[in-house]
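Notes follow the structure.
Each value in this text was obtained by applying a stated rule to the coordinates, not by laboratory testing. Every value quoted in this text rests on a predicted model; they were computed, and no experiment measured them. Methodologically, a virtual Cβ is constructed for each residue, glycine included, from the backbone with ideal geometry; neighbour enumeration extends over all protein chains shown.
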Amino acid sequence: MGVQPDLITGTSIGGLIGALAAAGLQHDDLAAFFQKVNLSQMYGLPGNAAGLSSANKFEKLLVDTIGRITFADLQIPLAVVATDLVNRKIVILDEGDVVTAVLATIAFPIIFPPVERGGMLLVDGGLLNNLPFDIARARGATFVIAVDLSNSAPYGAQADPVPAASGILERALALTQRQRIWQVLTTVTDIVTVQSLNARMAIAPPDVLLRPDMSTIGIFDFHRLDEGIVVGETAVQEMEEHQNQIGV
């Protein structure tokens, strides 16, 4: 729609996309970046016992894409959300090295390693704030567009088979997503996340809330990128039609 944000806040995958967009990547650039994201290729064997994989390869991809830049170097002001396991609280990252901040906000517990930074041990910010529109408001945003991906594949859904050429990590995660124990864990996490979201929505909701239909796409289904792009575009088009109908 040609909307250009003056400020970006994001958690987890939203923090990653936010950083890329804030660094100047456009729609086609973002799609090209995620076409390179293959979990087995980007995440290697763990260097410690804090995660099932190492982020060294993914860190290199980020540096190759946006450079070793700081938040001050970004074209658009950015804040990403992480969770500090030491102090058990939310952390807003908006200074220093961007790549390290991104690795922290996407550090899904157990799967990806936590990030040590300034005496903190940081993991995925979605544990405490999965949709940080309130942080955008607190930083002066007067019109907020939020994207909610909390409706990913529900409990009991059959995981989509990964391509035959996929690596060990993709196949392992696909198998894991078919297990009821994983589905229980992710559903419980979703319930907690939604409760937090609803509480903040009741206080000061975003001006526009986009909810792409992710009901058949799992959180690690990077091989279904094209489908994800389509459902995202559909959500925007439907919202645009609705806004036009009500004269906004």
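Within the straight-line cut-off of under 20 Å between alpha carbons, the lysines reachable from Lys36 are Lys57, Lys60, sequence neighbours fewer than 8 places apart in one chain being disregarded.
Which residues among region 86-121 fall inside the zone where the amide N is under 11 Å from a point 7 Å beyond the Cα of Arg139, along Cα→Cβ? The answer is 92-95, whose backbone nitrogens lie closer than 11 Å to the label point.
For region 97-108, 3J(HN,Hα) computed residue by residue from phi via the Karplus equation (6.51, -1.76, 1.60; θ = phi - 60°) reads 6, 6, 4, 4, 4, 5, 4, 6, 5, 9, 6, 4 Hz, glycine and proline entered as x.
Within a straight-line Cα-Cα reach of under 17 Å, Lys89 can be paired with the following aspartates and glutamates, leaving aside sequence neighbours fewer than 8 residues apart in one chain: Glu116, Asp124, Asp134. Each peptide among 103-113, 207-217, 130-140 gets the average number of other Cβ atoms lying within 10 Å of its residues, and from highest to lowest they stand as 103-113, 130-140, 207-217.
Using the Cβ of Leu122 as centre and a radius below 10 Å, the other residues enclosed give a net charge of -2, where K and R count +1 and D and E count -1.
Distance between the pseudo-spin-label points of Thr70 and Asp97 (7 Å out from Cα toward the beta carbon): 1.3 nm.
For a Förster distance of 25 Å, can you work out the FRET efficiency between the beta-carbons of Asn244 and Asn151, rounded to the nearest 0.05?
On the way: r = 24 Å, r/R0 = 0.98.
Plugging the Cβ-Cβ distance into 1/(1 + (r/R0)^6) gives 0.55.
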